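Bear in mind that the values in this text are calculations on the coordinates, not laboratory data. Everything quoted here is computed from the prediction, not taken from an experiment. Cβ sites come from the backbone with ideal geometry, for glycine too, and all protein chains shown count toward neighbours.
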Amino acid sequence: MVDTVDLEELSADELGELITRATSVKSDKEYVAQFASMVSLYLVEYRRVCGASGHEDGAPWEAPSPDDLLTWYTLDERVSFEGRDYVSCAPFNTYPPDTPGAWKPAD
């Protein structure tokens with residue numbers, strides 16, 4: 001839930017603090033998104049170097065092995081699960097497709 005703030009009621013110092021905090025939060029979120037993208041690229045490159053092809057597009061989801069990165073799903077990989085198709089929303093995805101935020105229904 002988002003709290004609303006009447007900016008007109010804030011002092012200049014309070015507005016400055018709000019801007020500083022908002023900028024910091026925005027920066028943190030951008031860093032996390034950029035890091036997640038890089039992690040996905042590293043997994044794809046790791047698979048290439050190892051000669052592994054990843055998962056077949058649309059194949060049934062199989063639980064990844066915790067100690068084998070080659071079994072983990074990358075960003076945008078497609079699987080079928082319980083009669084529906086899903087697309088991975090996370091790099092190094094080890095969650096089942098019914099996990100909110102980790103997968104989304106395929107179009």
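Pairing each residue of the stretch 48-59 that is more than 11 Å from residue 71 (Cα to Cα) with any residue that is assigned to a helix (DSSP H, G or I), provided the two are 6+ apart or on different chains, yields C-beta distances under 7 Å for 50/70. Within the stretch 62-97, which residues are touching a strand residue (DSSP E or B) at 6+ places or on another chain (Cβ under 9 Å) and over 17 Å from residue 43 (Cβ atoms)? Hits for the stretch 62-97 are 80, 81, 84, 85, 86, 96, 97.
Taken together, the residues in the stretch 44-79 that are closer than 19 Å to residue 104 by Cα and in contact with a Gly (Cβ under 6 Å, 6 or more places away or on another chain) amount to 1. For beta carbons closer than 9 Å, sequence separation of 6+ or different chains, a first residue in the stretch 29-43 that is within 15 Å of residue 74 (Cβ to Cβ) and touching a residue at least 12 places away in the same chain (Cβ under 8 Å) and a second that is hydrophobic (A, V, I, L, M, F, W, C) and assigned to a helix (DSSP H, G or I), the qualifying pairs are 43/69; 43/70.
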